[in-house]
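> Dropping the structure in here first, questions after.
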Amino acid sequence: MVSYKDLGLVNTREMFKKAINGGYAIPAFNFNNMEQLQAIIKASAETKSPVILQVSKGARNYANQTLLRYMAQGAVEYAKELGWENPQICLHLDHGDSFELCKSCVDFGFSSVMIDASSLPYEENIALTKKVVEYAHQFDVTVEAELGVLAGVEDEVASEVSHYTKPEEVVDFATRTGCDSLAISIGTSHGAYKFTPEQCTRDPKTGRLVPPPLAFDVLDAVMEQLPGFPIVLHGSSSVPQEYVDMINQYGGKLPDAVGIPEEQLRKAAKSAVCKINIDSDSRLAFTAAVRKVFWEKPAEFDPRKYCGPARDLMTELYKHKIINVLGSDGKA
Ligand SMILES: [Zn+2]
């Protein structure tokens, strides 16, 4: 049993409270390798932004849970080395799908876990979420739950259609489970293909897809039911066209990839939405930078020569999100 406090990490309670009161959102960036982690910490330290490091079940299998935990601990020390005196870094399990997985993460030094039982019937979602909350709270680990279903694929979580969260359920759910934050479905989705071309309109000038707007009426209704309660948005990458273009220019093939426009996320960040999950954008930046090097220098075989530029591009992306989308700079 390792306490996250010994690793220098923090849970989400204080950061969410401040974010709701301050009208901004905390970035939750997924990571599964060193370059991603370096980029996240550098961007957060340089902007003094609280940050949530997210590990999915898939990332945990990919990178090894022990290694990931020490990487998170190392991240805290690295942040201090970069001159961030009091780093506000949370290590969070993204989409935990069982009590055992959540317990294992709590025991392994995570400061926050998500139990995603949103695909189960309502009462079963409550029962499983409550069980995780009861365990995690003994160690002051915060718990994110989910109501409603997002479309798209994220590791083992997949659904073809989304079902918006029902605002009439949220009070009962939050009260009975005791969860600390709630992920809701208002039209965001996982991956780099958030909408089919049929769901979008086309910009007549650029020919690019324009996605349908998020269901802010659902968000407003949830906030009315649960005033001041921390709300989470998953699947909130914007799929920047510049990265998609770079990937396609340098031999990739990502036709019609489309994400959530940043102005909609900016609007959400000012509300009770206090955690915004971004994963695909970092994957796109990484891939775009690596492809560019491979295309331009086919003889290159030193991984530092292509992972380095990828790291730089991700750092730029994270800073942009922190400063221009979430507004969390200078808050830690
Ligand atoms: Zn998610």
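> Would you kindly state how much longer the chain becomes between residue 21 and residue 6 on full extension, computed as 0.36 nm times their sequence separation minus their alpha carbon distance, in nm to one decimal?
Full extension from residue 21 to residue 6 adds 2.6 nm.
> Taking other Cβ within 10 Å of each residue's Cβ, how do 93, 67 sort, fewest first? Walk me through the numbers before you get to the answer.
Values: 93 28, 67 11.
Fewest-to-most Cβ neighbours within 10 Å comes out as 67, 93.
> Separate question: What do you get for trypsin sites (Lys or Arg not before Pro) in the range 153-254 restricted to DSSP loop and a cutoff of at most 16 other Cβ within 10 Å of the site's Cβ? Before the final figure, lay out each step's value.
Details: sites: 176, 194, 202, 205, 208, 253; in loops: 194, 205, 208, 253.
Qualifying residues, ordered by number: 205, 208, 253.
> How much length is gained on full extension from residue 33 to residue 169, taking 0.36 nm per residue of separation minus their Cα-Cα distance? Don't skip to the answer; put the middle values down first.
Values: separation 136, 0.36 × 136 = 48.96 nm, distance 3.79 nm.
Extra length from residue 33 to residue 169 when fully extended: 45.2 nm.
> Averaging over all projection directions, find the projected area of the Cα convex hull of the chain and quote it in nm² with one decimal place. Walk me through the numbers before you get to the answer.
Values: hull surface 64.8 nm².
Convex hull of Cα atoms, orientation-averaged projection: 16.2 nm².
> Please find, in a Gaussian network model of the chain (springs between Cα atoms separated by less than 10 Å), the residue of 133, 273, 171 whose mean-square fluctuation is greatest.
In this elastic network of the chain, the residue with the biggest mean-square fluctuation among 133, 273, 171 is 171.
> What GluC sites (Glu not before Pro) in the range 41-114 are in a loop by DSSP, with at most 16 other Cβ atoms within 10 Å of the Cβ? Show your work: numbers first, answer last.
Numbers: sites: 46, 77, 81, 85, 100; in loops: 85.
Sites meeting the loop and neighbour criteria: 85.
> In the structure displayed, which of 42/103; 270/331; 57/131; 48/166; 292/331 lie more than 24 Å apart, Cα to Cα? If you can, show how the numbers build up before the last one.
Details: 42/103 30 Å; 270/331 14 Å; 57/131 19 Å; 48/166 36 Å; 292/331 35 Å.
Over 24 Å apart, Cα to Cα: 42/103; 48/166; 292/331.
> Put +1 on the Cβ of each Lys and Arg and -1 on the Cβ of each Asp and Glu in the chain; which of 248, 149, 199 then has its Cα farthest toward the positive end of the dipole?
248
> Here's something else I'd like to know. What are the DSSP H helices in the chain that stretch 18 Å or more along their long axis, judged by alpha-carbon atoms, and whose average Kyte-Doolittle hydropathy comes to at least -1.0?
Numbers: long enough: 34-47 (20 Å, 0.05); 65-81 (24 Å, -0.41); 122-137 (22 Å, -0.50); 280-296 (24 Å, 0.01); 303-320 (25 Å, -1.12).
Span-like helices in the chain: 34-47, 65-81, 122-137, 280-296.
> Sticking with this one: Roughly how many whole Å is it from the C-alpha centroid of the range 241-255 to that of the range 76-108?
Using only Cα atoms to place each centre, the spacing works out to 33 Å.
> With +1 assigned to the C-beta of every Lys and Arg and -1 to the C-beta of every Asp and Glu, and no other charges, what is the dipole magnitude of the chain about the Cα centre in debye, to the nearest 20? Don't jump to the answer; show the numbers that get you there.
Details: 34 positive and 44 negative charges, 172 e Å.
Using Cβ point charges on Lys, Arg, Asp and Glu, the chain gives about 820 debye.
> Would you list the P(r) distribution for the range 60-200, with all Cα-Cα distances sorted into 5 Å bins from 0 and each bin expressed as a whole %?
Percent of Cα pairs in each bin: 2, 9, 18, 18, 17, 15, 11, 7, 3, 0.
> May I ask you to list the aspartates and glutamates whose Cα is less than 19 Å away from that of residue 205, ignoring any residue fewer than eight positions away on the same chain?
In chain and number order, the partners are 242, 245, 256.
> Another question, if that's okay. Please build a GNM for the chain, connecting alpha carbons under 10 Å apart, and tell me which residue among 148, 83, 191 fluctuates the most.
83
> Assuming R0 = 35 Å, what is the FRET efficiency of residue 77 and residue 320, from their Cβ-Cβ distance, to the nearest 0.05? Could you put the intermediate results ahead of the total?
Details: r = 26 Å, r/R0 = 0.73.
Result of the calculation: an efficiency of 0.85.
> Subtract the Cα-Cα distance of residue 100 and residue 64 from 0.36 nm times their separation in residues, and report this length gain in nm to one decimal. Present the calculation step by step, with values, prior to reporting the outcome.
On the way: separation 36, 0.36 × 36 = 12.96 nm, distance 1.66 nm.
Between residue 100 and residue 64, full extension yields 11.3 nm more.
> Taking H as built 1.01 Å from N, whose amide H comes closer than 5 Å to the amide H of residue 258, not counting residues under 5 places away?
Under 5 Å from the amide H of residue 258: 193, 194, 195.
> Given the options 4, 37, 276, identify the residue whose Cα lies farthest towards the positive end of the charge dipole of the chain (+1 on Cβ of Lys, Arg; -1 on Cβ of Asp, Glu).
The residue sitting farthest along the positive end of the dipole is 37.
> How big is the antiparallel share of DSSP beta bridges in the chain, given as a percent to the nearest 5? Intermediate results must be reported in sequence, preceding the final value.
Values: 6 of 37 bridges.
Counting DSSP beta bridges with both partners in the chain, the antiparallel share is about 15 percent.
> Say each of residue 248 and residue 134 gets a label point 7 Å from the Cα, pointing the same way as Cα to Cβ; how far apart are those two points in nm?
Computed distance between label sites residue 248 and residue 134 equals 5.3 nm.
Rule-based calculations on the coordinates, nothing more; no lab input. The shown structure was predicted, so the numbers you read here are calculated from the model rather than taken from an experiment. Here Cβ is always computed from backbone atoms with ideal geometry, including for glycine, and neighbour counts include all displayed protein chains.
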